[in-house]
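Engineer: Submitted below is the structure of interest, expressed as structure tokens.
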Amino acid sequence: MFAVKQPTTKVLPLYQEFHPRWYRPRVSVYWWLGQWQYLKFILREISSVFVAVFVVITLLQLRALRAGPEAYARFQHWLQSPIALAINGISLFFVLFHTITWFNLAPRAMAVRFRGKRLPEILIAAPNYVVWALVSAGVTWLVLR
Amino acid sequence: MDASSHDVLLVGGGGAGLRAAIAAAEVNPKLSIAVVSKVYPMRSHTVSAEGGAAGVVKGDDSLDEHAYDTISGGDWLCDQDAVEAFVKEAPQELLQLERWGCPWSREPDGHIAVRAFGGMKRRRTWFAADKTGFHMLHTLFQTTLKFDPITRYDEWFVTKLLVDDGRVDGVVAIELMSGKIQAITAKAVILCTGGCGRVFPFTTNANIKNGDGMALAYRAGASLKDMEFVQYHPTGLPFTGILITEAARAEGGYLLNKDGYRYLQDYNLGKPQPNPVMRSMELGPRDRLSQAFVMEDQKGRTLATPYGSVVHLDLRHLGEKIINSKLPFVRELCLKYQNLDPVKELIPVRPVVHYMMGGVSTDMNGATPLAGLYAAGEVACVSINGANRLGSNSLSECLVFGARAGKAAALYAAEQKAADDKAMAQANDERKRLEAQFLHKQGGRERVATIREQMQKAIEKSAGIYREETSLAEGANKLFELQERYQDIVLDDRSRTFNTELEGALELGFMLDVAESIVQCALHRTESRGAHQRTDFPARDDENFLAHSLVFRKPDGSSRVEYLPVKVTRWAPGERVYGEQAPESPQQIPQAVPAGRAG
Amino acid sequence: MADKIVLEIPRYSPERDVKPHFEEFEVPVHKEWVVLDALNYIKDQVDGSLTYRWSCRMGICGSCGMMVDGEPKLSCATFLSSYSRNGNKLRVEPLRYFPIIRDLVTELSDFLVKLKAVKPWLIRQEEPPLSEGEFLQTPEQLEQYKQYSMCINCTLCYAACPVVGLDPVFVGPAAIALAQRYNQDSRDQGAGDRMAVLAHPEGIWGCTFVGECTRVCPKHVDPAGAIQQYKLKAALDWVKSFVTPLGRKNTDVRREAAND
Ligand SMILES: Cc1cc2nc3c(=O)[nH]c(=O)nc-3n(C[C@H](O)[C@H](O)[C@H](O)COP(=O)(O)OP(=O)(O)OC[C@H]3O[C@@H](n4cnc5c(N)ncnc54)[C@H](O)[C@@H]3O)c2cc1C
Ligand code: FES
């Protein structure tokens, strides 16, 4: 129709006139590394593994207790090994991370209203920390008394 | 060539277009309805309206008072039968929107709340916080989603109306995503394309407001009405043109010149009082305030900035508490876009092009003299706005006349037969034109941006707040020259896919036509009325000009202006008096004027 | 003399390219310029084929979302000067996780389908005539859903949500927040209908609560909060359906209450 040179005639094999091909960027496997917020999210997700580690250690402890004083002593000895210390240290870090991030998210998930106004976030997050502190104090008292 | 076919086709998905689509669907659920919009409907510029929408609801108010405020505010250039229909139906339309879920602001008892507004003697402006247009548009858009007969053509750009033998058969449109140019035929077409603020260099209007519908109708043979009436809002932020609401002045803001003097007292707008007085000083009408700014500027009593002269809007005496509770958005905008805090600093403001009173000439049902063509919203001129629109009337206008046009078009369409092959042939010609003139063009030297800038400069210089014969004539010449140069435009972008440069070029073509009609109408109206002020004819002339300008396009592309008498029903033309008639003990604006940006 | 900054913009046209490549444009930096002003400068003065969406230039129409320096932003509400030190480079890219039509323009039809899927309109059992006036709604009841009604559909939240990226069928933050906007509206009776659509692995249960949607939202809508509250409601409904056979009818009960 028009003998004019035009970009649309030197089409790539993939382009058909009037049928644009969308470019779909692929999400990289390492998408969570690029941004601190994403990394934090992934760490929060991973932290659940370490919550489980704590539970498993507690179960092993119970098993050792049932198996008698000797087994229990062995278990306690193992707990003092560098590996056990490392596992527990890392787990503690993640469990704290888990607790704190979830407590901070709690106000998001719970919209408590008082006289028509939404309660400020701090009023929802704070009680979690208070209860946490009280329970920890209680446990400390039980263990150390 | 592809084509699709509908019964009723809306060009535009703003407040007017979506309201019309629903009205048509409700009149006759069997009709197929298309909404064609160059942006996703919820991006339409209705979204930016903030102040509110007027409609009489409260006991202390009456339809007659709303009508009178509108007519006197429009300097008696309104058709009074249209105004009477408008004020009567506005409350029902606003109520209907409530039923569709619009989050209107409420009184403590759960009833609709209303606020005061410029030029309105009573409180009758419904509002949804300070985002009325946003909430109205999203409510309408979401409501249309449940109507199956409504098909949307999102991001389709209409380039031409298909006209055969005085009858409109549909449109030609470009699907932006693919670049496909095709006919969409319909038995009735309703133009709802909004205003044309972008014809001017400095405006509150979005990038999409290019007067497309006005030019489409004009080229198809319909007439444009009262195009010389362009509203300047007195308080826009320099550079961005972002609006600072009328409510800022209703709360008690002062306008100060460079000496800190409330200069409005020198322009027959009353004596300064510490507190706001209705219809006086800072609460005078928009046209008079913008005119006072120009006079002050000529006296050298404004401040120069890189983005033009400014005066100051002073809110400091209101204090942080009032500003935060009543004008939070003003503060946010100033902080965000002007980097200043109105609690402590003066806000630089200057008049800014805001609204087009004129448009496609229609009757009270939105019908134009072209069979099958309707128009509603800012693109149309019914006329209820006369020579100066009152803030908050235009959102209601979109609803009332959108609904009326939708119903009328649906009834009309049900009687018609489908378009024939001639429409297809026309569409094919249009496609060839677009390809020859832009996509496949060889040669050409002019850039879209250059011509656009020169057009904007030319029209501001000739048809700004004040006009006179020589500058208008110069403007007309310049526009003629630009029309010629437009033929020589060359695009960097020759591709089919989402070609926004092509879109910009076509919009520029529309704007040139609209600009020309503005200048021609302004040239012919040798009187001053409302927003049209001629320094060479400073008085209103009811003898000769109590009439609408109608501008037609002649076959050679030039224009012809005619006059159509204004319809007067019950309100004889009178004098518009502001300020000096302020009552002895000044009537105070009730303190409950809520926050928000006015329109 | 104004400072300068170099914008790095991925260019993609399906007619020419297989994938995007970056181009650099030097633009002046004025203190009142937003990123969008710089793009307009390029389009008007340098390369008319640069392709992006914009309209209102006041942060309300939702057209102009882009990745600015890796963050989803409204380019009309993001000052250029906050990124400029002389000679600095600034990356402006299309919103993440969306298919790209051209340059900075993303494909939105999928988003619109999702919006419609959540039935974002007022659902009523019966409709009294207009002559009966407005549905009453106190300012407190308005406050319940106000925040969720502020969404401008800019899709920044989709570009912030890795779940959207990894699982394109996920309904996504804005659409779920919009459902909540109607659920929480005292005039609405359609929460049950919407729950049927959204209590689904591709609906609310798809969300892993990354929380980024809320952080990037320019209108403070808090979609993340909306979704978690929705989950809570869904879980409670589920539990109730076990505790009492009437539990399932829970939403109907609400409907009747709303009718009173
Ligand atoms: C900042 C601002 C504040 C305002 N505040 C108020 C207020 O408080 N109260 C009040 O009453 N009024 C106010 N106004 C005025 C009012 O908002 C407008 O007059 C009204 O919204 C216009 O609506 P509309 O439906 O006619 O057009 P728009 O909402 O502008 O919609 C136009 C539609 O047409 C489509 N379109 C245009 N050209 C084409 C084409 N070629 N092809 C396809 N589609 C096309 C667009 O995509 C869009 O969907 C304000 C205006 C501004 C700018
Ligand atoms: S241009 Fe409208 S939101 Fe940026």
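The values are calculated or read from the model by the stated rules, or taken from the named source; none is laboratory data. Not measured: the values here are computed from a predicted model. Here the Cβ positions follow ideal geometry from the backbone for every residue, glycine too, while neighbour counts run over all protein chains shown. Calculation scope for accessible area: heavy atoms of the full protein, side chains included, ligands and nucleic acids excluded. Shrake-Rupley method; radii C 1.70, N 1.55, O 1.52, S 1.80 Å.
Engineer: So, B:Arg115, is that one basic (Lys, Arg), farther than 25 Å from B:Asp226 by Cβ and at pLDDT 95 or above or not?
Structural biologist: no
Engineer: Right, something else. Do we find a residue being crowded, with 22+ Cβ neighbours inside 10 Å, within 9 Å of chain B (Cβ to nearest Cβ), away from ligand 1 (no atom under 16 Å from the Cβ) and among the small types (Gly, Ala, Ser) anywhere in segment C:71-78?
Structural biologist: no
Engineer: Another question, then. Between C:Gly133, C:Gly48, C:Gly65, C:Gly59, which is modelled with pLDDT under 95 and either within 16 Å of ligand 1 (Cβ to nearest atom) or buried (at least 20 other Cβ atoms within 10 Å of the Cβ) (or both)?
Structural biologist: Result: C:Gly59 is the single residue among C:Gly133, C:Gly48, C:Gly65, C:Gly59 that is modelled with pLDDT under 95 and either within 16 Å of ligand 1 (Cβ to nearest atom) or buried (at least 20 other Cβ atoms within 10 Å of the Cβ) (or both).
Engineer: Could you list, in sequence order, the residues of segment C:79-96 that are within 14 Å of chain B (Cβ to nearest Cβ) and open to solvent by 10 Å² or more (accessible area, probe 1.4 Å)?
Structural biologist: C:Phe79, C:Ser81, C:Ser82, C:Pro94
Engineer: Among what's in segment A:114-128 and is aliphatic (A, V, I, L, M) and surrounded by fewer than 16 Cβ atoms within 10 Å (Cβ to Cβ), pick the residue that is farthest from the other protein chains (Cβ to nearest Cβ).
Structural biologist: A:Ala126
Engineer: Another question, if that's okay. Go through segment C:116-175 and tell me which helices (runs of 4 or more DSSP H), entirely inside it, have 1 or more residues that are more than 10 Å from chain B (Cβ to nearest Cβ), more than 20 Å from B:Cys102 (Cβ to Cβ) and more than 16 Å from ligand 2 (Cβ to nearest atom).
Structural biologist: Output list reads C:156-160, C:162-166.
Engineer: Might you check whether a residue that is surrounded by fewer than 17 Cβ atoms within 10 Å (Cβ to Cβ), without any contact (Cβ under 8 Å) to a residue 40 or more places away in the chain and either under 19 Å from B:Thr240 (Cα atoms) or among the hydroxyl-bearing types (Ser, Thr, Tyr) (or both) occurs anywhere in segment C:1-8?
Structural biologist: yes
Engineer: Take segment B:24-48 and flag every residue that is away from ligand 1 (no atom under 15 Å from the Cβ), out of contact with any Phe, Trp or Tyr (no Cβ under 9 Å at 6 or more places or on another chain) and not in a helix (DSSP H, G or I).
Structural biologist: Once the filter is applied, which keeps residues that are away from ligand 1 (no atom under 15 Å from the Cβ), out of contact with any Phe, Trp or Tyr (no Cβ under 9 Å at 6 or more places or on another chain) and not in a helix (DSSP H, G or I), segment B:24-48 yields B:Asn28, B:Lys30, B:Leu31, B:Ser32.
Engineer: Among the listed residues C:Asp47, C:Asp110, C:Asp69, identify the single one that is away from ligand 2 (no atom under 16 Å from the Cβ) and farther than 26 Å from A:Ser28 by Cβ.
Structural biologist: C:Asp47
Engineer: Conditions first: (1) open to solvent by 50 Å² or more (accessible area, probe 1.4 Å); (2) within 14 Å of chain C (Cβ to nearest Cβ); (3) within 16 Å of ligand 1 (Cβ to nearest atom). B:Arg433 passes all but one, so which condition is the exception?
Structural biologist: Only one criterion in (1) open to solvent by 50 Å² or more (accessible area, probe 1.4 Å); (2) within 14 Å of chain C (Cβ to nearest Cβ); (3) within 16 Å of ligand 1 (Cβ to nearest atom) is unmet by B:Arg433, namely (2).
Table: residues versus (1) open to solvent by less than 80 Å² (accessible area, probe 1.4 Å); (2) farther than 30 Å from C:Glu212 by Cβ; (3) not in a helix (DSSP H, G or I).
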position	(1), (2), (3)
A:Pro25	yes, no, yes
A:Ser28	yes, no, yes
A:Gln37	yes, no, no
A:Leu43	yes, no, no
A:Ile46	yes, no, no
A:Leu59	no, yes, no
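Engineer: Follow-up question, since we're still on this one. Give me the pairs: first residue in segment A:16-28 and at the interface with chain C (Cβ under 7 Å from one of its Cβ atoms), second residue open to solvent by 60 Å² or more (accessible area, probe 1.4 Å), beta-carbon distance under 7 Å, and six or more apart or on different chains, which are they?
Structural biologist: Final answer for the pair search is A:Arg21/A:Leu14; A:Tyr23/C:Lys19; A:Val27/C:Leu166.
Engineer: Run down B:Val35, B:Val11, B:Val39, B:Val47 and say which single residue is buried (at least 22 other Cβ atoms within 10 Å of the Cβ), over 19 Å from the mean Cα position of the chain (by Cα) and modelled with pLDDT of 95 or more.
Structural biologist: B:Val35
Engineer: Looking at segment B:244-265 only, could you name the residues that are in a strand (DSSP E or B) and open to solvent by 10 Å² or more (accessible area, probe 1.4 Å)?
Structural biologist: Of everything in segment B:244-265, those that are in a strand (DSSP E or B) and open to solvent by 10 Å² or more (accessible area, probe 1.4 Å) turn out to be B:Tyr254, B:Leu256.
Engineer: Take segment B:331-343 and flag every residue that is closer than 17 Å to B:Leu243 by Cβ and away from chain C (no Cβ under 13 Å).
Structural biologist: Result: B:Arg331, B:Pro342.
Engineer: (1) within 12 Å of another protein chain (Cβ to nearest Cβ); (2) acidic (Asp, Glu); (3) under 28 Å from B:Ala25 (Cα atoms): which one isn't true of B:Asp212, the others all being true?
Structural biologist: Failed condition: (1).
Engineer: Next question. Identify, from the list A:Ala111, A:Ala137, A:Ala86, the residue that is open to solvent by less than 90 Å² (accessible area, probe 1.4 Å) and in a loop (DSSP other than H, G, I, E, B).
Structural biologist: One residue alone meets the criteria, A:Ala111.
Engineer: Okay, next question. Kindly list, by first and then second residue, each pair from a residue in segment C:52-66 that is under 10 Å from C:Leu36 (Cβ atoms) to a residue that is of a type in the set (Phe, Trp, Tyr) and within 12 Å of ligand 1 (Cβ to nearest atom), limited to pairs with Cβ atoms under 9 Å and residues at least 6 apart or on different chains.
Structural biologist: C:Ser63/B:Tyr40
Engineer: Now for a separate question. Looking only at segment B:49-85, which residues are within 16 Å of ligand 1 (Cβ to nearest atom), out of contact with any Leu (no Cβ under 8 Å at 6 or more places or on another chain), not aliphatic (A, V, I, L, M) and not in a loop (DSSP other than H, G, I, E, B)?
Structural biologist: Listed by number, the list holds a single entry, B:His66.
Engineer: Which members of segment B:394-430 meet the condition of being open to solvent by 10 Å² or more (accessible area, probe 1.4 Å) and under 25 Å from the mean Cα position of the chain (by Cα)?
Structural biologist: Within segment B:394-430, B:Ser394, B:Leu395, B:Cys398, B:Arg404, B:Lys407, B:Ala408 meet the criteria.
Engineer: Considering each of B:Val83, B:Val56 in turn, give the residue that is crowded, with 24+ Cβ neighbours inside 10 Å and modelled with pLDDT of 95 or more.
Structural biologist: B:Val83
Engineer: Would you call B:Thr144 under 30 Å from C:Ile123 (Cα atoms), at pLDDT 95 or above and more than 12 Å from every other protein chain (Cβ to nearest Cβ)?
Structural biologist: No.
Engineer: May I ask you to verify whether B:Gly391 is open to solvent by less than 10 Å² (accessible area, probe 1.4 Å) and either aliphatic (A, V, I, L, M) or at pLDDT 95 or above (or both)?
Structural biologist: no
Engineer: Could you tell me whether any residue of segment A:71-91 is under 16 Å from A:Val53 (Cα atoms) and among the aromatic types (Phe, Trp, Tyr)?
Structural biologist: Yes: one or more hits.
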